[in-house]
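> I'd like to ask you about the structure that follows.
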Amino acid sequence: MRNRHFVDLAIKWLFFSAAASSVLVLLGIFGMLLINGVKAFGEISLGEFFLSSNWNPSAYGKPSYGILAMLSSTLLVTLGAMILAVPLGVGAATYLAQVAHERTRMVLKPVIELLAAVPSVVVGFIGIVMLGPFIAKVFGLSNGLNALNGAILLAIMSLPTIITVAEDAIRAVPNSFKEASYSLGANQWTTLIKVVLPAAYSGIIAAVILGMGRAIGETMTVLMATGNSLAMPHGFFDPVRTMTATIAIELGEVPYGTTHYYSLFAVGAVLFLISLGINLLAERLAKRYRYKM
């Protein structure tokens, strides 16, 4: 019994250390971004940084450091990806969990999960040579390297995460919920819409947020397939440059310790705060649905 108590205590502290390490790493990343990002505001005003759409740190005259265009581009591409990925992902998860035959599910599930293993550079290459020309031809554009191209590619990349997590949430709904619905005379479709999906809302929301995190943090695909224009976007047919693409393009060549260098850390800090805010909002929504059930 004494040895058992020691083993249980060791396992407890092992898991606690793993959880604490994750929090410390997260705080360390945010601290590094914040400490370096704040240094940029010795030369840049907050108004210019957040409200200006002109980003030109290497200008011969007065450099400009406005992220509004990049911020709008990031949100536009992410929104487009979620509009496409959420209905498809939740629908596919519902089919796999509630409708598909077990043999069909055993074939489709690994294929879907393999999509997550496709390198982002390969997805970006597909966007350049296949999807881009197709969009240009269909919509009569000069080229297809725009926000729509990036949104479609990010939706595809987000689907494995959304489908996998949402399917697990739907399958975790107790059978007693469905049996009670059937006993009241509801058919399979009504049970699915009125009982199963509402009971799995918290897990579905988590799946959507994880997919959104994959989309908002993606770099190589949007760098290759969205046109890399720093102009303010006015729609999905405009070329854009996201915040992640800007960091990837410029951080490797910027001189250390300059205002440009620190401003890129500020961009990263803003991106971190956006992701954190989305996750906190999702957790609050998930708790609300969990309490309702």
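> Roughly how many nanometres apart are two label points built 7 Å out from the Cα toward the Cβ at L285 and Y95?
Inter-label distance under the simple model: 2.4 nm.
> So, one more: Run the paramagnetic zone check for F50: 7 angstrom along Cα to Cβ, then residues of the range 263-281 with backbone nitrogen under 18 Å.
Answer for the range 263-281: 263-278.
> Extension gain D8-F30, at 0.36 nm per residue separation less the Cα-Cα distance, in nm?
Numbers: separation 22, 0.36 × 22 = 7.92 nm, distance 3.34 nm.
Length difference between fully extended and current span is 4.6 nm.
> Consider just the alpha-carbon atoms of the range 149-281 and return their Rg together with their Dmax, both in angstrom.
Just the Cα atoms of the range 149-281 yield Rg and Dmax of 20.7, 70 Å.
> Could you work out Rg/(2.2 N^0.38 Å) for the range 175-231, with Rg from alpha carbons only? Show your work: numbers first, answer last.
Values: Rg = 19.7 Å, N = 57, 2.2 N^0.38 = 10.2 Å.
Normalised Rg, Cα atoms only: 1.93.
> Relative to the present Cα-Cα distance, how much length would full extension add between L79 and M232 at 0.36 nm per residue of separation?
On the way: separation 153, 0.36 × 153 = 55.08 nm, distance 1.60 nm.
Computed gain between L79 and M232 is 53.5 nm.
> Please find, in a Gaussian network model of the chain (springs between Cα atoms separated by less than 10 Å), the residue of I204, I67, I112 whose mean-square fluctuation is greatest.
In the Gaussian network model the winner is I112.
> Moving on. Accessible area per residue, 1.4 Å probe, Å², for the chain: what's the number?
Numbers: 16390 Å² over 293 residues.
Accessible area per residue: 56 Å².
> Rounded to the nearest 10 Å², what accessible area does E283 have for a 1.4 Å probe in the complete protein model?
Approximately 90 Å² of E283 is accessible to the 1.4 Å probe.
> Right, another one. Going from most exposed to least, what order do D238, D8 have by accessible area with a 1.4 Å probe?
Working: D238 50, D8 75 Å².
Descending order: D8, D238.
> If we sort 43-56, 253-266, 176-189 on the protection proxy, mean other Cβ atoms within 10 Å, highest first, what's the order? Working shown, then result.
On the way: 43-56: 14.9, 253-266: 16.6, 176-189: 12.1.
Put in order of decreasing packing, that is 253-266, 43-56, 176-189.
> Taking K and R as +1 and D and E as -1, what net charge do the other residues with C-beta under 9 Å from the C-beta of L96 add up to?
On the way: positive: R105, K109, R171; negative: E167.
Summing Lys/Arg as +1 and Asp/Glu as -1 gives +2.
> Let me ask something else. What does the charge add up to near S64, with Lys and Arg as +1, Asp and Glu as -1, over the other residues with Cβ less than 12 Å from its Cβ?
Working: positive: K62; negative: E43, E48.
For residues surrounding S64, the net value is -1.
> May I ask you to derive the FRET efficiency for A180 and K62 from their Cβ-Cβ distance with R0 = 51 Å, giving the value to the nearest 0.05?
Values: r = 68 Å, r/R0 = 1.34.
FRET efficiency, A180 to K62: 0.15.
> While we're here: Given a 1.4 Å probe and heavy atoms of the protein chains only, how would you sort V86, V122, largest accessible area at the top?
Details: V86 40, V122 60 Å².
Descending order: V122, V86.
> I would also like to ask the following. Can you give me the relative contact order of the range 127-217 as a percent, contacts being Cα pairs under 8 Å and 6 or more apart?
On the way: 73 pairs, mean separation 29.5, N = 91.
For the range 127-217, the relative contact order is 32 percent.
> May I pose another question? In bins 10 Å wide, starting from 0, what share of all Cα pairs of the chain does each bin hold, as a percent?
6, 22, 26, 24, 14, 6, 2, 0
> Now a separate question. Determine the share of the range 76-223's accessible area contributed by carbon and sulfur atoms, expressed in whole percent, with a 1.4 angstrom probe.
On the way: 5090 of 7240 Å².
The value for the range 76-223 is 70 percent carbon and sulfur by accessible area.
> Rounded to the nearest 10 Å², what accessible area does V208 show when all protein chains are kept and the probe is 1.4 Å?
Here the accessible area works out near 30 Å².
The values are calculated or read from the model by the stated rules, or taken from the named source; none is laboratory data. Keep in mind that what you see is a predicted model, and the values were worked out from it rather than measured. FYI the Cβ positions are ideal-geometry reconstructions off the backbone, even for glycines, and counts take in every protein chain you see. With ligands, DNA and RNA removed, areas are computed over all heavy atoms of the protein, side chains included. Shrake-Rupley method; radii C 1.70, N 1.55, O 1.52, S 1.80 Å.
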